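Input: a single structure, listed below in structure tokens.
Laboratory data are not the source of any read-out in this text; all were calculated from the coordinates shown. Being a predicted model, the structure only gives us computed values, none of them experimental. Cβ placement follows ideal geometry from the backbone for every residue including glycine, while neighbour counts extend to all protein chains displayed.
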Amino acid sequence: MNIIENFELYAPRLIDKEEYFCSGHRACQGCGEALAIRLMCKALGPDTVVANGTGCMEVISSFYPTTAWNLPWIHLAFENAAAVGSGVEAGLKALRRKGKIPDRDVKAVAIAGDGGTMDIGMQSLSGAMERGHDLLYVCFDNEAYMNTGIQRSSGTPFGAATTTSPAGRASFGQKTWKKNVPEIMVAHNVPYVATASPSYPLDFMNKVKKARKVKGPSYIHCLSVCPTGWRSASNLTIKMGRLAVETGVFPLYEVEDGKYRITVEVDELRPVEDYLKHQGRFRHLTPDVIEMIQERVYQEYNKLLDKVNGLHAWSDLKFEGELFE
Amino acid sequence: MAKRVGMEVGIAAAEAVGMCNIDMAAVYPITPQSHIAEHLSEIVADGRIDAEFVTVESEHTSISCVSGASATGARVYTATSSQGLLYMHEILPIVSAMRLPVVMGNANRAISGPINIWNDHSDIMPQRDAGWIVLFADNGQEVVDLTIQSFKIAEHKEVMLPICLNMDGFQLTHTVELIEFPDQKKVDKFLPPRKPLATLHPDNPVSMGTLGMPEIYAEARKSQDVALINSKQYILQIWDEWEKMFGRRYKPVETYRADDAEILMLTMGSMGETAELAVDQLREKGMSVGLVKLRLWRPFPFEELKAAVKNAKLLIVTDRAVSFGGSGGPVYIEVKAGLYHEKERPLIYNYIIGLGGRDVPVPCFVEMFEAAAQSAEKGIVKDYEYYGVRG
């Protein structure tokens, strides 16, 4: 464990062999989210407490009297992972300061899905980040309410058919664009914000490790491929995650102290159709809608590049003094 | 030495929490709880206690946040009122099911609508079945005593349940009363640091709040009911201990001039003291009246209630909340059901009083006693009635 701590970056051989999120859970075949959680836990290490919002992950991992968790784990409700996580952080902090628990750095981590983060959990997430708890929040975004049967959320992409945004004669499916929660977190002045994907395991784990070291709030938005909800083949999970990045649909970047950096560079973006065509949720799309999606992806990607090229680290921003004269 | 001071009861509630060596509190402000929140934050800001004070963005988060902290083994406190308590509603049964010893003060206030910040019990009544221990205080002294006792009761290893201590908003929280504060050393002796059975810590990883399938859910619910019913004996034990150390006796059902009374009135909360004055006046007139005050709303003290009313001919139950479309106020429904199997039981009347801060002074209680007595004498049995309400 100490060896890993001394390295800034992970290499495959340095990954913890210990399993903190164990096999035997009930996730669907090809679940990108379960894979991501396993990797996240390995990057976090044993000195971690996880607060889990209601969703697929709580359901598949905690059938009483069994548990897949080898980390201390707590679940209360759907929308309050950040609130419970901030309580865990405050409790551990007080108990450690008062000498009631061992004097050791134990990280509080809150996890929830896109519904539990971007919709119903937005308030408690915003509150926890604003208060500045030493808390890592990871959103595992599979782009709909998969646990309840694939209903649309604010994370569902434009054009996707879900059970509450179905495609029909009068509709091409989801009519709104995905909410940009990482950007909302940056607006909270959170010191570390990143997007991630288990299809890029070392990139993901490095980000988790970086976030763990932040003494304050941090946020990782992890795209989690859901074969069940996306109507994609379960053996294509890793490939789907890669295509999301290669097409620019879900760029991998981090924002450290306000400084944007793309962590997985893509020389030339592939057409979005390469990503859409493997997924049944986009099967109904006509070329004109695909064109709209393509334009939007370019636009968003350019917005991101603008930030990467134009924005400075907050700590580099110094006033010349005129403001106060 | 215990000291007696004149103090606003809301401030005193925070002072009592400050004596309990809490590790963490999370509070969201709401009238009339706000003085508790403010003063507790002052106690922390002045370094008088070593605790994390988390100023959350909602009551849903305050209850979630203290639950997370409680699960790490911390001693925690929160306080709320009215809409805030309703906003917590979703989380309340989870806290009790997870057996987290959260202590919460509730400054009782009416619920919307119309929006109203004044006192009644319509906020706590919808939380009846959340599985919490629910206590009512009658005056400022009781608020202080019950607050300190609550931590000991909640954390008792045979109890392990959250407690909601109700104190009437404004009538109690904003009233200055003479209160005797116990000696800190004695409080420390009465209330040693929390010894949790299982906590969220990597040295012994546990999973809390897991999924219960149909084959286990019913057992989980039953065991929770058993735990709440069993908690009464430990509450009584702790009240005995309190009496031995501090001299004040607490009972699940308090009585006032009730032993030989033919007509009893039942109250819950701060109106009990007003009703006592009415009892005194009527006793002087020669009317055989007395008072029964419910302190413990959950677990409901059926045995104590039966013993208290067994000789009465008429029992007037007062309610400070409405159960719309039901057979009466919530307290009345509970009391009537509890006495149904008794061979000897009094006639039971129900007045719904004091909604949304409507004042109920002594003459009103006198009138209620007299009106119910006359009605009963004529053999008229009525269900619930709104006292002094137009329309």
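Only Lys, Arg, Asp and Glu carry charge here, each on its Cβ (+1 for the first two, -1 for the last two); on that basis the stretch A:2-324 has a dipole of about 840 debye about its Cα centre. The trypsin sites (Lys or Arg not before Pro) of the stretch A:141-217 meeting both criteria, a DSSP state outside H, G, I, E and B (loop) and at most 13 other C-beta atoms within 10 angstrom of the site's C-beta, are A:Arg169, A:Lys175, A:Lys215. For helix B:214-246, report the angle its Cα long axis makes with the longest principal axis of the Cα atoms of chain B; keep it between 0 and 90° and round to the nearest 10°. Computed tilt is about 80 degrees. Can you tell me the dipole magnitude for the stretch B:3-246 around its Cα centre, using point charges on the Cβ only (Lys, Arg +1; Asp, Glu -1), in Debye to the nearest 20? The dipole magnitude comes to about 520 debye.
In a simple Cβ point-charge model (Lys, Arg +1; Asp, Glu -1; nothing else charged), the stretch B:253-386 has a dipole of about 300 debye relative to its Cα centre.
Under a Gaussian network description of chain B, with springs only between Cα atoms under 10 Å, the residue in B:Leu315, B:Leu339, B:Leu296 that fluctuates furthest is B:Leu339. In terms of Cα atoms, the Rg and Dmax of the stretch B:253-386 work out to 13.4, 39 Å. For the stretch A:173-188, backbone phi angles converted through the Karplus equation (6.51, -1.76, 1.60; θ = phi - 60°) give residue-by-residue couplings of x, 4, 9, 10, 8, 4, 5, 8, 6, x, 5, 5, 5, 4, 5, 7 Hz, Gly and Pro being listed as x. Computed over the alpha-carbon pairs of the stretch A:9-105, the distance histogram in 10 Å steps reads 14, 41, 33, 11, 1 percent, short to long.
Built from the Cα atoms of the protein assembly as shown, the convex hull projects on average onto 38.3 nm², one quarter of its surface area. Once you reduce the stretch A:36-97 and the stretch A:153-185 to the center of their Cα atoms, the two points are 29 Å from each other.
Pairs of C-alpha atoms in chain B farther apart than 38 Å represent 18 percent of all such pairs. When the P(r) of the stretch A:153-195 is calculated, the portion above 11 Å amounts to 67% of the C-alpha pairs. Database remark: amide H of B:Ile179 closer than 5 angstrom to the amide H of B:Val5, B:Gly6, B:Met7 (H placed geometrically; neighbours at sequence offset of 5 or more, or on other chains; Pro and chain starts carry no H).
Taking DSSP loops as anything outside H, G, I, E and B, show the longest stretch in chain B free of GluC sites (Glu not before Pro) there with at most 14 other beta carbons within 10 Å. Looking at chain B, B:159-341 is the longest stretch - no exposed GluC sites (Glu not before Pro) with at most 14 other Cβ atoms within 10 Å. Charge tally for A:Asp114 (other residues, Cβ to Cβ under 12 Å; Lys, Arg +1; Asp, Glu -1): -1. Over chain B, Cα pairs under 8 Å with separation of 6+ residues give a relative contact order of 16 percent. In chain B, the longest principal axis of the Cα atoms and the axis of helix B:140-155 are about 50 degrees apart. Counting only DSSP beta bridges with both residues in the stretch A:2-324, the antiparallel share comes to about 30 percent.
Stokes-Einstein diffusion for the stretch A:198-325, with the hydrodynamic radius set to the Kirkwood value over Cα pairs and evaluated at 10 °C in a medium of 1.306 mPa s, equals 95 µm²/s.
Loop-located trypsin sites (Lys or Arg not before Pro) in the stretch B:211-255 (DSSP state other than H, G, I, E, B) with a sparse environment of at most 16 neighbouring Cβ atoms within 10 Å: B:Arg248, B:Arg249.
Taking the longest Cα principal axis of chain B as reference, the axis of helix B:330-339 is set at about 70 degrees. When the chymotrypsin sites (Phe, Trp or Tyr not before Pro) in the stretch B:291-360 are filtered for DSSP coil states and for at most 15 other beta-carbon atoms within 10 Å of their beta-carbon, the remaining sites are B:Phe324, B:Tyr340. Under the criterion of Cα pairs below 8 Å and six or more residues apart, the relative contact order for the stretch A:38-122 equals 40 percent.
Beyond a 28 Å Cα-Cα separation, which of these cross-linked pairs lie in this structure: B:Lys189/B:Lys306; B:Lys222/B:Lys313; A:Lys98/B:Lys157; A:Lys42/B:Lys152; A:Lys215/A:Lys239? Correct reply: B:Lys189/B:Lys306; B:Lys222/B:Lys313; A:Lys42/B:Lys152; A:Lys215/A:Lys239. Cα-based values for chain A, radius of gyration first and Dmax second, are 19.8, 67 Å. Projecting the Cα atoms of B:Leu211, B:Leu146, B:Val134 onto the charge dipole of the stretch B:121-264 (Cβ charges, centred on the Cα centre) puts B:Leu211 farthest toward the positive pole. Around the amide H of A:Ala194, modelled in the peptide plane, lie the amide H atoms of A:Tyr219, A:Ile220, A:His221, A:Val255, all under 5 Å away and 5 or more residues distant in sequence or on another chain.
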